[in-house]
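Accompanying notes for the structure given below.
The values are calculated or read from the model by the stated rules, or taken from the named source; none is laboratory data. Fair warning: this is a prediction, and the values are worked out from it, not measured in the lab. No Cβ is skipped: glycine too gets one built from the backbone with ideal geometry, and neighbour counts run over all protein chains shown.
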Amino acid sequence: MNKRMFRVGLLLMAAMMLLVGVVPVARGQDDVFRVAAVAPSATNDLAFSQSMFDALTMVQEEMGADKFEFTFQEGTFVVDDAAVALREWAASGEYDLVIAHGSQYGAIIEELAPEFPDVAFAWGTDVNTFGLPNVTAYSAASEQGGYINGVLAAGMTESNVVGVIGPIEVGDAKLYVDGFKAGVAATNPDIQVLVTYIQSFSDVPLATEAATTHVANGADILTGTAQMVVGPIAVAKEENLKWFGTQSSQAELAAESGVVFQVYRWDVVLMDLIAKIGEGTLGGESYTLTLENGGLEMQISDMAEMSEEDVAALQAQVDELSAQISAGDITVLPEAEPTPEATPGS
């Protein structure tokens, strides 16, 4: 074949690829790491989806916008809608990492990953990589921060009644609630812990009703998990009660009612994962956020009505409990108790 015929062949091939819309994009050639993520709720839900959005934002700030870009599709609770986005991202060849942030998306990842073996996928909260070398799973040991919040709440309650509003009794939601109950019991077993699972991650009115019921039954401290907690937080503020949170910081919304928040630092996972992908390892590992690895961060609200001395004392207590849990001196939950399977939005 002469050079002219070779050039004509290349032009014809390029034209055909344009027509069918499958022009390949060479990832990494411009030295920019690109991530696409889908999540079940809003980026400002003060809970699960925001925890990942904030983490991606932190990674971008650390690496630089010229080195890291991300696309985030929020509010995609419907699995079929998420499947469309995930497949398009994987097929485009534009992204170094595709994240399905919600364990309802597991079946999609299990199906897509073998079809696109050169694409790195991550999903959670779960520990299952499906035995696939291009799938990373991630979860959170949320019972650890739950335990600390439980200990603190037990020391602050005056009524000896605290209220918990949970979404569905599974995943990191159940772990947090169980950890909170364990912390209260370890501090004062006479304190009554009222727990209501509303069977929804997003039903704010139902969560508000559950919180109101807890208050009517004597609770002077509230906590909860998932995006529906905006309702219970409003109840805590209205009733001038203390609020302990998890997943993301809710300090601004909770204002003077907020005390301590367990924050998921998914950037700890992302930074390690990005480095491994850069070295050619696309997956095959499970990560768990813990107090020890810095993936769980206990943040004292800077809007709480506490003196500097009280804040310092509270920080010292948080630090001591964190160190004891990390060292294994405190066993938050019995080892015989199995870790629950994660579910949508958790």
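Taking the stated definitions as given, is T57 in the same structural domain as V193 (by TED's automatic domain parsing), under 28 Å from V259 (Cα atoms) and modelled with pLDDT of 95 or more? Working first, answer last.
Working: in the same structural domain as V193 (by TED's automatic domain parsing): no; under 28 Å from V259 (Cα atoms): yes; modelled with pLDDT of 95 or more: yes.
In short, no.
Say whether the condition of being surrounded by 22 or more Cβ atoms within 10 Å (Cβ to Cβ), of a type in the set (A, V, I, L, M, F, W, C) and farther than 19 Å from S142 by Cα is met by at least one residue in the stretch 175-186. No, every residue in the stretch 175-186 fails to be surrounded by 22 or more Cβ atoms within 10 Å (Cβ to Cβ), of a type in the set (A, V, I, L, M, F, W, C) and farther than 19 Å from S142 by Cα.
A quick yes/no check of all residues on (1) surrounded by 23 or more Cβ atoms within 10 Å (Cβ to Cβ); (2) within 23 Å of G245 (Cβ to Cβ); (3) touching a helix residue (DSSP H, G or I) at 6+ places or on another chain (Cβ under 8 Å):
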residue	(1), (2), (3)
V38	yes, no, yes
T43	no, yes, yes
G102	yes, yes, yes
G106	no, no, no
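Given the options E169, E158, name the one that is in contact (Cβ under 8 Å) with a residue 60 or more places away in the chain and either of a type in the set (F, W, Y) or out of contact with any Phe, Trp or Tyr (no Cβ under 8 Å at 6 or more places or on another chain) (or both). Talk me through it step by step, then tell me what you get.
Numbers: E169 fails: either of a type in the set (F, W, Y) or out of contact with any Phe, Trp or Tyr (no Cβ under 8 Å at 6 or more places or on another chain) (or both).
One residue alone meets the criteria, E158.
As a summary of the residue check, N44 satisfies the conditions (1) in contact (Cβ under 8 Å) with a residue 24 or more places away in the chain; (2) outside any helix (DSSP H, G or I); (3) among the polar types (S, T, N, Q) except for the one numbered (1).
Filtering the stretch 172-179 for residues that are within 18 Å of the chain's Cα centre (by Cα), of a type in the set (K, R) and modelled with pLDDT of 95 or more leaves a non-empty set. Taking the listed residues D272, D310, D319, the one that is in the same structural domain as A122 (by TED's automatic domain parsing) and among the acidic types (D, E) is D272, with no other qualifying.
Helices (runs of 4 or more DSSP H) fully within the stretch 189-297 that include at least 3 residues being among the charged types (D, E, K, R): 267-278. From the list K242, K181, K174, the one residue that fits, being outside the structural domain of T76 (by TED's automatic domain parsing), without any contact (Cβ under 8 Å) to a residue 60 or more places away in the chain, in contact with a strand residue (DSSP E or B) (Cβ under 8 Å, 6 or more places away or on another chain) and charged (D, E, K, R), is K181. Within the stretch 120-155, restricting attention to residues that are free of Cβ contacts under 8 Å to residues at least 60 places away in the same chain and outside the structural domain of Q317 (by TED's automatic domain parsing), the residue that is nearest to R87 (Cα to Cα) is W123. For the stretch 114-138, a residue qualifies if it is buried (at least 24 other Cβ atoms within 10 Å of the Cβ) and outside any loop (DSSP other than H, G, I, E, B), and the qualifying residues are A120, F121, A122, W123, G124, V135, T136, A137, Y138.
Taking V164 and the conditions (1) in a helix (DSSP H, G or I); (2) touching a Ser or Thr at 6+ places or on another chain (Cβ under 9 Å), which numbered condition does it fall short on, given that it satisfies the others? Here V164 clears every test but (1). On the stretch given as the stretch 255-269, residues that are aliphatic (A, V, I, L, M), over 19 Å from T43 (Cβ atoms) and buried (at least 22 other Cβ atoms within 10 Å of the Cβ) total 2. Residues that are among the charged types (D, E, K, R) and either in contact (Cβ under 8 Å) with a residue 40 or more places away in the chain or more than 30 Å from V32 (Cβ to Cβ) (or both): does the stretch 106-117 have at least one? No - not one qualifying residue is present in the stretch 106-117.
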